[in-house]
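Notes for the one structure printed next.
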Amino acid sequence: MHNSEERYTLAILVNNHPGVLMRVVSLFSRRGYNIDCLSVGETENEEFSRITIVVSGDRAVVDQIKKQVGKLVDVKRVYEMTQTKSLQRELVMVKVNTKDSSRTQVVELAEIFKAKIIDVTATTVTLEMTGSLDKIKSFLDLMQPYGIVEMARTGITALERGARPLSSISFSEDDN
């Protein structure tokens, strides 16, 4: 990510139909926009899915993305999730090399970060942790010296703070 670029999180409410995710993602690809992270799943209403996409760019690029995605068939709403007005989390599972001498240190770091130990072998410890991008980056930076054998990440998912669901946000409020 370049210094002039910031990260933006977009929540996209779409009809839960086959091919919708492909159309959204292919718009990014055709326009040359890079997706930093993506997660998708059904909402509280099975007729809709929620796509959460994190992109890097400048303000003008993100505004353009929001407009173009909003024009796609089956897209009901595109909403920008800000750091202060939303809750953003990611799940990471990481398998770390451990020797007898380092296992205690890895377990202690897991406790500090509230990571859960989900598997242990003679040579590895597998951990699960949920948190913000910053928390996960810090955790992985500290695990790196021990040797990360394998890692899987879900991508960011986000909800707006407060009681209002994304499905009730009016179109005039989309330009936040």
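Data overview
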| read-out | value |
| --- | --- |
| Residue match in the range 79-101 (condition: modelled with pLDDT of 95 or more and in a helix (DSSP H, G or I)) | no |
| Flag for ASN45 being touching a residue at least 24 places away in the same chain (Cβ under 8 Å), in contact with a Phe, Trp or Tyr (Cβ under 9 Å, 6 or more places away or on another chain) and either of a type in the set (Lys, Arg) or surrounded by fewer than 17 Cβ atoms within 10 Å (Cβ to Cβ) (or both) | no |
| LYS66 being buried (at least 16 other Cβ atoms within 10 Å of the Cβ) and in the same structural domain as ARG50 (by TED's automatic domain parsing) | yes |
| Residue within the range 112-130 that is touching a residue at least 40 places away in the same chain (Cβ under 8 Å), in a strand (DSSP E or B), on the phi < 0 side of the Ramachandran plot and not aromatic (Phe, Trp, Tyr) present | yes |
| Exclusive hit being under 22 Å from the mean Cα position of the chain (by Cα), over 30 Å from LEU21 (Cβ atoms) and assigned to a helix (DSSP H, G or I), set ASP134, ASP141 | ASP141 |
| Out of ARG77, ARG59, ARG23, ARG30, sole residue that is among the basic types (Lys, Arg), farther than 26 Å from PRO165 by Cα and not assigned by TED's automatic domain parsing to the domain that holds ASP134 | ARG30 |
| Criterion (outside the structural domain of ASP36 (by TED's automatic domain parsing) and in contact (Cβ under 8 Å) with a residue 60 or more places away in the chain) met by exactly one of LEU133, LEU140 | LEU133 |
| Per-region count, the range 1-51, residues in a helix (DSSP H, G or I) and more than 15 Å from GLY70 (Cβ to Cβ) | 6 |
| The range 115-173: number of residues that are out of contact with any strand residue (DSSP E or B) (no Cβ under 6 Å at 6 or more places or on another chain), exposed (fewer than 15 other Cβ atoms within 10 Å of the Cβ), closer than 23 Å to SER49 by Cα and at pLDDT 95 or above | 0 |
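The values are calculated or read from the model by the stated rules, or taken from the named source; none is laboratory data. Since we're looking at a predicted model, the values are computed, not measured. As a convention, Cβ positions derive from the backbone with ideal geometry for all residues, glycine included, and neighbour counts pool all protein chains shown.
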